[in-house]
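Participant: Got a structure for you, questions after.
The values are calculated or read from the model by the stated rules, or taken from the named source; none is laboratory data. Computed from a predicted structure; not experimentally measured. All Cβ positions, even for glycine, are placed from backbone atoms using ideal geometry, and neighbour counts span all protein chains on display.
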Amino acid sequence: MSEQKYIYNNGKFSKESYELDSKLDSNEVLVKPLRMLICASDLHHMRSQKDTPIVLGHEYVGRVTQVGDSASLSIGDLITSTACLHCNECKQCEAGFTNFCENRDWLGFENTGALSTLVKFKDHHLVKLPKDISLKQASLFEVASIGYQAANLIKIMECECDPIVQSSTKEILICGAGPVGLFCALAAEKLGYEVTLLEKVSTRAKKATDLGFKCLLLPEVLMSKDHHHKFNFIIDATGDVHGAGAFRYAPMLGCYRFKMVVVGKYLTDPKFEFSILNNMGATLSFMRGTPISALQSVVDEWKEDIVKWEPHLITHEYEFDEVEAAYETTSDLNSTCKIMIKVQD
Ligand SMILES: [Zn+2]
Ligand SMILES: [Zn+2]
């Protein structure tokens, strides 16, 4: 039976049939994507895509349907992966930075994505998921791993021997209370930081508050000097598909020598002001995806959090044939958090 996938090209989705060779190398695995979630980086790629068609979908849960002779998975296993499909052999992979693999493919940004009914992987791309959770819950692990990785990058940047960092409370500001920002907040809290979220959409701020976080609205933060030059650590999790994220506010909200992780991309050039960043002595780190170890850690450690959070996060569900409507819904930041597409059962 032929498979089906949605291809995005020049502003339009089209459904196409395709065949996958079922002859597998020994470490190859065939996977049926079951549920996928729309991510802000999908929107970036849709905007920048020119002439090379893409198959979207990198936040997903799938079921293994066929395995090569020595593959480390079994038929029926529920799996997910990172967006970066690494080679497992290059220097970066050997050092654990699989998200910087020198021979990578990208899931959901090139010609393979979860918006299709069958995908071939190498077994080392995949992380096995627990059996006792729903497909909705299972679809959230990849986006959770982005938050996990961002907070852990802050931890790496934090200098243990810095007397100021040691003596003061470790205040972290997380800009953007969308799904990534919320998972950054969860990870940062688990690492012992005192978390403040910053959001401009009031319904999103309320969701963050409902989940137990302190969340401030952008105008109150900009107006009140109480929040200025306060934060040692900042994560920009806005993944801004409309502008230049929260970067421009960082020198006002960060204290001297603030450390900042930028997750994802901005639509427009943030125009880094060298003299201001120099004056502040800022340290910046830019995140590109997550290593597979971060995804594995989230699967091992965050099951209970994800089960608890799923009803708050997945706000919309669409069928496979409603892909266009699903992506159109993303423009409504007030009512959406995560939008799910049921690829198949
Ligand atoms: Zn994503
Ligand atoms: Zn590699």
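Participant: Quick check, is Gln92 at pLDDT below 95, touching a Phe, Trp or Tyr at 6+ places or on another chain (Cβ under 7 Å) and either over 22 Å from Ser331 (Cβ atoms) or away from ligand 1 (no atom under 12 Å from the Cβ) (or both)?
Facilitator: No: the conditions fail for Gln92.
Participant: Could you please find all residues in segment 19-69 being within 22 Å of Ile314 (Cα to Cα), of a type outside the set (A, V, I, L, M, F, W, C) and modelled with pLDDT of 95 or more?
Facilitator: Hits for segment 19-69 are Lys32, Pro33, Arg35, Gly57, His58, Glu59, Tyr60, Gly62, Arg63.
Participant: Of (1) within 14 Å of ligand 1 (Cβ to nearest atom); (2) on the phi < 0 side of the Ramachandran plot, Ser74 satisfies all except one. Which?
Facilitator: (1)
Participant: Another question, then. Taking the condition β-branched (Val, Ile, Thr), touching a His at 6+ places or on another chain (Cβ under 8 Å) and within 26 Å of Arg257 (Cβ to Cβ), does Val221 pass? Walk me through it before giving the result.
Facilitator: Working: β-branched (Val, Ile, Thr): yes; touching a His at 6+ places or on another chain (Cβ under 8 Å): yes; within 26 Å of Arg257 (Cβ to Cβ): yes.
Taking the combined requirement at face value, the residue satisfies it.
Participant: Which of the residues that make up segment 26-85 are buried (at least 19 other Cβ atoms within 10 Å of the Cβ) and either within 16 Å of ligand 2 (Cβ to nearest atom) or among the polar types (S, T, N, Q) (or both)?
Facilitator: Answer for segment 26-85, where residues must be buried (at least 19 other Cβ atoms within 10 Å of the Cβ) and either within 16 Å of ligand 2 (Cβ to nearest atom) or among the polar types (S, T, N, Q) (or both): Ser41, Thr80, Ser81, Thr82, Ala83, Cys84, Leu85.
Participant: Look at segment 128-143 and say how many of its residues are out of contact with any Asp or Glu (no Cβ under 9 Å at 6 or more places or on another chain) and not in a loop (DSSP other than H, G, I, E, B).
Facilitator: First, pick out the residues of segment 128-143 that are out of contact with any Asp or Glu (no Cβ under 9 Å at 6 or more places or on another chain): 130, 132, 138.
Among the residues that remain, those that are also not in a loop (DSSP other than H, G, I, E, B) are: 138.
Looking only at that region, the number is 1.
Participant: Could you list all residues from segment 56-88 that are more than 23 Å from the chain's Cα centre (by Cα) and among the polar types (S, T, N, Q)?
Facilitator: Selection gives Thr65, Gln66, Ser70, Ser72, Ser74.
Participant: Continuing with this model, one more query. Of all residues being without any contact (Cβ under 8 Å) to a residue 60 or more places away in the chain and among the acidic types (Asp, Glu) in segment 174-224, which is nearest to ligand 1 (Cβ to nearest atom)? Just the residue, please.
Facilitator: Ranking the candidates gives Glu199 first.
Participant: Please note which helices (runs of 4 or more DSSP H) are completely contained in segment 264-345 and include at least 3 residues that are more than 23 Å from Lys207 (Cβ to Cβ) and at pLDDT 95 or above. Walk me through how you get there before you give the answer.
Facilitator: Working: elements: 274-280, 292-301, 303-313, 323-329.
Answer list for segment 264-345: 292-301.
Participant: Right, something else. For Ile146, state whether it is in a loop (DSSP other than H, G, I, E, B), of a type in the set (Val, Ile, Thr) and either touching a His at 6+ places or on another chain (Cβ under 6 Å) or under 28 Å from Val307 (Cα atoms) (or both). Explain how you work it out, then say what you get.
Facilitator: Details: in a loop (DSSP other than H, G, I, E, B): no; of a type in the set (Val, Ile, Thr): yes; either touching a His at 6+ places or on another chain (Cβ under 6 Å) or under 28 Å from Val307 (Cα atoms) (or both): yes.
Taking the combined requirement at face value, the residue does not satisfy it.
Participant: Could you list, in sequence order, the residues of segment 287-326 that are among the hydroxyl-bearing types (Ser, Thr, Tyr) and crowded, with 21+ Cβ neighbours inside 10 Å?
Facilitator: Taking segment 287-326 and keeping what is among the hydroxyl-bearing types (Ser, Thr, Tyr), we get 290, 293, 297, 315, 318.
Answer for segment 287-326, where residues must be among the hydroxyl-bearing types (Ser, Thr, Tyr) and crowded, with 21+ Cβ neighbours inside 10 Å: just Thr290.
Participant: Same structure again: Test Phe121 against the stated conditions and say whether it is surrounded by fewer than 20 Cβ atoms within 10 Å (Cβ to Cβ), aromatic (Phe, Trp, Tyr) and within 15 Å of ligand 2 (Cβ to nearest atom). Show your work before the answer.
Facilitator: Numbers: surrounded by fewer than 20 Cβ atoms within 10 Å (Cβ to Cβ): no; aromatic (Phe, Trp, Tyr): yes; within 15 Å of ligand 2 (Cβ to nearest atom): yes.
No; evaluated as a whole, the condition is false for this residue.
Yes or no, residue by residue, for (1) touching a strand residue (DSSP E or B) at 6+ places or on another chain (Cβ under 6 Å); (2) away from ligand 1 (no atom under 16 Å from the Cβ):
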| site | (1), (2) |
| --- | --- |
| Asp21 | no, yes |
| Ala40 | no, no |
| Arg63 | yes, yes |
| Gln66 | yes, yes |
| Asn88 | no, yes |
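Participant: If a residue must be surrounded by fewer than 24 Cβ atoms within 10 Å (Cβ to Cβ) and either modelled with pLDDT of 85 or more or under 13 Å from Cys175 (Cα atoms) (or both), how many such residues does segment 240-249 contain? Break it down stepwise before answering.
Facilitator: Pass one, segment 240-249, residues surrounded by fewer than 24 Cβ atoms within 10 Å (Cβ to Cβ): 240-244, 247-249.
When the remaining residues are screened for being either modelled with pLDDT of 85 or more or under 13 Å from Cys175 (Cα atoms) (or both), the result is 240, 244, 247-249.
Residues in segment 240-249 being surrounded by fewer than 24 Cβ atoms within 10 Å (Cβ to Cβ) and either modelled with pLDDT of 85 or more or under 13 Å from Cys175 (Cα atoms) (or both): 5 in total.
Participant: Residue by residue through segment 95-108, note down the ones that are within 8 Å of ligand 2 (Cβ to nearest atom) and without any contact (Cβ under 8 Å) to a residue 60 or more places away in the chain.
Facilitator: Answer for segment 95-108, where residues must be within 8 Å of ligand 2 (Cβ to nearest atom) and without any contact (Cβ under 8 Å) to a residue 60 or more places away in the chain: Cys101, Glu102, Asn103, Arg104.
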